[in-house]
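A short write-up of the structure that comes next.
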Amino acid sequence: MLFKLFETLDQRFGFERAKAHCDIPCGIYDPITAQIAALTVVRMVDLMAELESKGGEKSLAYQNSMSRYITVKEEHAEKAKHDIRVIWGDYLKAQHLEKHPGAHELVHKIMMLGSKSRQTADRETAVQFVEAINQFAEIFWDTKGISTKRAKAPYSPALEVVYPNL
Amino acid sequence: MFRIFRVTGESLLPEYQEGDYVVLATLPFLFNPIQVGDVIVFKNESYGTMIKRVQSVDNDTDRVFVVGTRMDSVDSRRFGSIPKKSITGKVIWHIRKPGRNT
């Protein structure tokens, strides 16, 4: 076989190496960053609702706080989407998709929910965003043969999060 | 005229996989110019000998813009276009490692 011939020649003569270099040390993937970012989105929606419920004058301080919540919500929804896309695009392989044929659809759903979480201040949407990423985390850990559990995050918003049983 | 390299790293997945071999046609490129879409091997001061795909060629400044296929690829998006004189050669033959899934 041709490859074998090249490999044998390589062992004999030592061909040079050409790096197809990646930024991340390849192999480091963990959906927890996306899960935390999605939880942050829910937290920001809660803080926005809380601030709004106080009523009164829309003072400069109010505008400032609201702007900050919205900015963080925007950033974290986008970060969650980005981190999921990296795992989906760079980590998931054909054999994983054979076992989890719904993964593509789920990732698309996450993208849609992430966008909707940015466009609105709807808590239910943000909660669905967290849950869809949880389901993705379950798939991810299954591809590594690692079981998962669900537990409430030990901070606000205390939503269920999928954690690996390491 | 020809040189053989082994690919390390995964920035050109799924087409080029870690462990694949490539045969390069080396300089001069007078009759075989670098074109968009070519996969080339070049030397970078920071990262050493690299393999990437050509996204664009600027013949006025003799520089080319190279990219990997993956989002986290370190390429011209990081270190800018590369001078043509840093190019070792372009891939004319790709010998794939057997047993790949993708």
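Based on this model, can you work out whether B:VAL23 counts as closer than 22 Å to A:PHE13 by Cβ, more than 7 Å from every other protein chain (Cβ to nearest Cβ) and either without any contact (Cβ under 8 Å) to a residue 24 or more places away in the chain or within 12 Å of the chain's Cα centre (by Cα) (or both)?
Values: closer than 22 Å to A:PHE13 by Cβ: yes; more than 7 Å from every other protein chain (Cβ to nearest Cβ): yes; either without any contact (Cβ under 8 Å) to a residue 24 or more places away in the chain or within 12 Å of the chain's Cα centre (by Cα) (or both): yes.
Yes.
Of the residues making up segment B:63-88, those that are within 10 Å of another protein chain (Cβ to nearest Cβ) and either surrounded by 18 or more Cβ atoms within 10 Å (Cβ to Cβ) or in contact with a Leu (Cβ under 9 Å, 6 or more places away or on another chain) (or both) are B:GLY68, B:THR69, B:ARG70, B:SER73, B:VAL74, B:ASP75, B:THR88.
For segment A:35-42, state whether one or more residues are more than 14 Å from chain B (Cβ to nearest Cβ), more than 12 Å from A:ILE133 (Cα to Cα) and in contact with a Ser or Thr (Cβ under 7 Å, 6 or more places away or on another chain). Let's see the steps before the verdict.
Going through segment A:35-42, the residues more than 14 Å from chain B (Cβ to nearest Cβ) turn out to be A:35-42.
Keeping just the survivors that are more than 12 Å from A:ILE133 (Cα to Cα) gives A:40-42.
Still in the list and also in contact with a Ser or Thr (Cβ under 7 Å, 6 or more places away or on another chain): A:41.
Yes, because at least one residue in segment A:35-42 is more than 14 Å from chain B (Cβ to nearest Cβ), more than 12 Å from A:ILE133 (Cα to Cα) and in contact with a Ser or Thr (Cβ under 7 Å, 6 or more places away or on another chain).
Within 30 Å of A:GLU98 (Cα to Cα), of a type in the set (Val, Ile, Thr) and in contact (Cβ under 8 Å) with a residue 60 or more places away in the chain: does that describe B:ILE95?
Working: within 30 Å of A:GLU98 (Cα to Cα): yes; of a type in the set (Val, Ile, Thr): yes; in contact (Cβ under 8 Å) with a residue 60 or more places away in the chain: yes.
Answer is yes for this residue.
Quick check on segment A:76-86. Is at least one of its residues within 14 Å of chain B (Cβ to nearest Cβ) and of a type in the set (A, V, I, L, M, F, W, C)? Checked segment A:76-86: at least one residue is within 14 Å of chain B (Cβ to nearest Cβ) and of a type in the set (A, V, I, L, M, F, W, C).
With the requirement that a residue be over 17 Å from A:GLU131 (Cβ atoms) and exposed (fewer than 12 other Cβ atoms within 10 Å of the Cβ), what does segment A:96-105 give you? Can you show your working first?
So in segment A:96-105, the residues over 17 Å from A:GLU131 (Cβ atoms) come out as A:96-99, A:101, A:104.
Once the filter is applied, which keeps residues that are over 17 Å from A:GLU131 (Cβ atoms) and exposed (fewer than 12 other Cβ atoms within 10 Å of the Cβ), segment A:96-105 yields A:GLU98, A:LYS99, A:PRO101.
Here A:ALA151 meets the list (1) touching an Asp or Glu at 6+ places or on another chain (Cβ under 9 Å); (2) part of a helix (DSSP H, G or I) almost entirely, failing just condition (2).
Each value in this text was obtained by applying a stated rule to the coordinates, not by laboratory testing. All values derive from a computational prediction rather than experimental measurement. All Cβ positions, even for glycine, are placed from backbone atoms using ideal geometry, and neighbour counts span all protein chains on display.
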